[in-house]
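Let me begin by presenting the structure, written as C-alpha cells, before commenting on it.
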Amino acid sequence: MIAVLAGGVGAAKFLQGLVNAELQEEVVVIVNTGDDLVQYGLHISPDLDTIVYTLANLVNPETGWGVRNESFQARSSLQRLGDNPWFTLGDRDIGLHMFRTQRLSEGASLTQVTAEIAKAFNVGVTVLPMSDDAVRTKVLAQLPSNDDRGDQIVELDFQEYFVRYQHQPRVLRVRYDHIETAKPAIAVEHALSAARRIIIAPSNPILSIGPIIALRGIDEQLRRRAKEGDVVAISPIIAGEAVKGPLAEILDSLMTQHDARTVAQLYQEFTSVFIVDAADAHLIDPISTLGITCLATQTLMTDLEVAVNLARFAVMAQ
Ligand code: GDP
C-alpha cells in the first residue's frame, strides 16, 4: 500500500499520475481538512472535494478545483436576495455539500461520508480526511492598506484569507485551531503504519501538510517511518517559485527565504527522500547536508505523462 499526504490541486495532479502508473498497489490518500468551512449551513471540505473531482475526471481543468461545466443558479438566487457570496459554490458542488452535511447531522463521521462520496464518484483510491474532529487553520494576516479596515493585523479563517482576500494579505503566523484535542482518524494511523511507502505530495507545507503532521502522534509516526527510509516528499517550489498560490510569499514571511531548500528544512525530520525539480538540481548538495537524500527529476506536472513519471519516481526513490 502507498499512502499519500495531500492538500488540494498539486496533490490531486500527483494522485492522477499515481493511479495511472499501473503499480497494482492500493493507494490511500490522507487529506487536509484544516481548510474546511461552513457556508450557508453546509459543511465544505475543499481539499477532499478537489481530490474527488480530479480523480473522478470531473474537475474544472481551468481552475484545478470545482466541477467542469458547472452552473451557478443558486449563487444567482443569493445575489437577487442581496447576498454577495465570496466563496464560489456551483450548483453540482452544492449537492455534494448538502449530502455531506446531512450525513454528518445523522451522526456519520467525516471518514464514513468521504468513503460514501468516493464510492459514488468511482474514485479508485481510498480517500481519508486527516481527522473526524474539526481542526481549523487560522492565519494572522496584515490586511492590505486599501481594505476597509486599513492595514490592520487580524486573524482570518483560512478561506477568508485564501478566497475572500485572494491570499493578498501578508501572513504573519499560521495556527491550527483545536489541534491539541483533535485525533487523527483511526484509518489514518493504520494507513501510515501499514504503507510500504509514504509520499508527501507537492502541496503547501504550511497550509496543507502542516495540519496533518501537527495531529497528535502523526509527527512521531512520520519520524519513525522516515528513519526506516520509507517517506518521500516532493517539493512544491520549483526554481524558487510556487507553481501556484501564495507559498513563496508565506515562506518568505515566516522563514525569510523561499527556495526548495526551505521546504526541505520544514520536512527534515519527517522525510527520508526529498525530490526537487530538475531546475533545482544545484540544491541537491545543500539539501543532502540536512541528512536527507535529495533527488531531482521533472516535477512540473504539465500533463498526465509527467505526473505518471513523477509518481513512479517517487514510489521507487531510495
Ligand atoms: P491548493 O492547491 O491551493 O489546495 O494547495 P496545495 O496544498 O495542493 O498546494 C498547492 C502547491 O502545490 C503550491 O505550492 C504549488 O506550488 C504546488 N504545485 C502545484 N502544481 C504543481 C506541480 O505541477 N508540480 C509541483 N512540484 N508543485 C506543484
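Just so you know, all these numbers are worked out from the coordinates, no wet-lab data involved. Since the model is a prediction, treat every value here as computed from it, not as a measurement. Every residue, glycine as well, gets a Cβ built from its backbone with ideal geometry; the counts of neighbours run over all protein chains shown.
Most tightly packed first, judged by the mean number of other beta-carbon atoms within 10 Å of their residues, the peptides 293-302, 82-91 read 293-302, 82-91. Model label points for ALA56 and ARG224, set 7 angstrom from Cα along the Cα-to-Cβ axis, are 3.6 nm apart. Placing +1 on the Cβ of every Lys and Arg and -1 on the Cβ of every Asp and Glu, with no other charges, gives the stretch 1-138 a dipole of roughly 320 debye about its Cα centre.
Each stretch of four or more DSSP H residues adds -39500 (n - 2.57); spread over every residue of the chain, this sum gives -10500 deg cm²/dmol at 222 nm. Name the most mobile residue of ASN69, ASN122, ASN146, meaning the one with the largest mean-square fluctuation, in a Gaussian network model of the chain with Cα contacts below 10 Å. Of ASN69, ASN122, ASN146, the Gaussian network model singles out ASN146 as fluctuating most. Take each peptide in 108-119, 123-134, count the other Cβ atoms within 10 Å of every residue, and average; sorted highest first, the result is 123-134, 108-119.
In loop segments of the stretch 178-241 as defined by DSSP, the trypsin sites (Lys or Arg not before Pro) with at most 16 further C-beta atoms inside 10 Å of their C-beta are ARG196, ARG216. Can you figure out the FRET efficiency of ASP91 with THR256, using R₀ = 51 Å and their beta-carbon distance, to the nearest 0.05? Result of the calculation: an efficiency of 0.70.
To make sure I understand, if each residue's beta carbon is the centre and we count other beta carbons within 10 Å, what order do LEU192, LEU266 fall in, fewest to most? Please list the in-between numbers first.
Working: LEU192 23, LEU266 18.
Ordered by Cβ neighbours within 10 Å, fewest first: LEU266, LEU192.
Between the DSSP loop rule and a limit of at most 12 other Cβ atoms within 10 Å, which GluC sites (Glu not before Pro) in the stretch 214-318 are left?
Values: sites: GLU220, GLU228, GLU241, GLU249, GLU269, GLU305; in loops: GLU228, GLU269.
Sparse-neighbourhood loop GluC sites (Glu not before Pro): GLU228.
Ignoring lysines fewer than eight residues from LYS13 along the same chain, the ones with Cα atoms less than 16 angstrom from its Cα are LYS244. For the stretch 33-106, the relative contact order is 25 percent, taking Cα pairs closer than 8 Å that sit 6 or more residues apart in sequence and dividing their mean separation by the residue count. Determine, from the Cβ-Cβ distance of LEU304 and SER71 and an R0 of 35 Å, the FRET efficiency 1/(1 + (r/R0)^6), rounded to the nearest 0.05. The formula returns an efficiency of 0.80 here. Model label points for GLN318 and ASP151, set 7 angstrom from Cα along the Cα-to-Cβ axis, are 5.4 nm apart. Based on C-alpha pairs under 8 angstrom that are at least 6 apart in sequence, the chain has a relative contact order of 20 percent. Under a Gaussian network description of the chain, with springs only between Cα atoms under 10 Å, the residue in GLN265, GLN79, GLN159 that fluctuates furthest is GLN79. Listed by chain and number, the aspartates and glutamates whose C-alpha is less than 17 Å from the C-alpha of LYS138, apart from same-chain residues fewer than 8 away, are ASP35, ASP36, ASP47, GLU155, ASP157, GLU160, ASP177, GLU180, GLU249.
Remark: the stretch 163-268 carries a charge dipole of roughly 140 debye about the Cα centre, counting +1 on each Lys and Arg Cβ and -1 on each Asp and Glu Cβ. The spacing between the stretch 242-318 and the stretch 67-118, judged by their C-alpha centroids, is 34 Å.
Using the Cβ-Cβ distance between ALA281 and LEU81 with R0 set to 51 Å, the FRET efficiency from 1/(1 + (r/R0)^6) comes to roughly 0.40. Separation of the stretch 214-238 and the stretch 179-206, taken as the distance between their Cα centroids, equals 9 angstrom. Separation of the stretch 6-64 from the stretch 130-154 is 24 Å, based on Cα centroids.
Given +1 at the Cβ of Lys and Arg, -1 at the Cβ of Asp and Glu and no other charges, the dipole of the stretch 90-129 around its Cα centre is 80 debye to the nearest 20.
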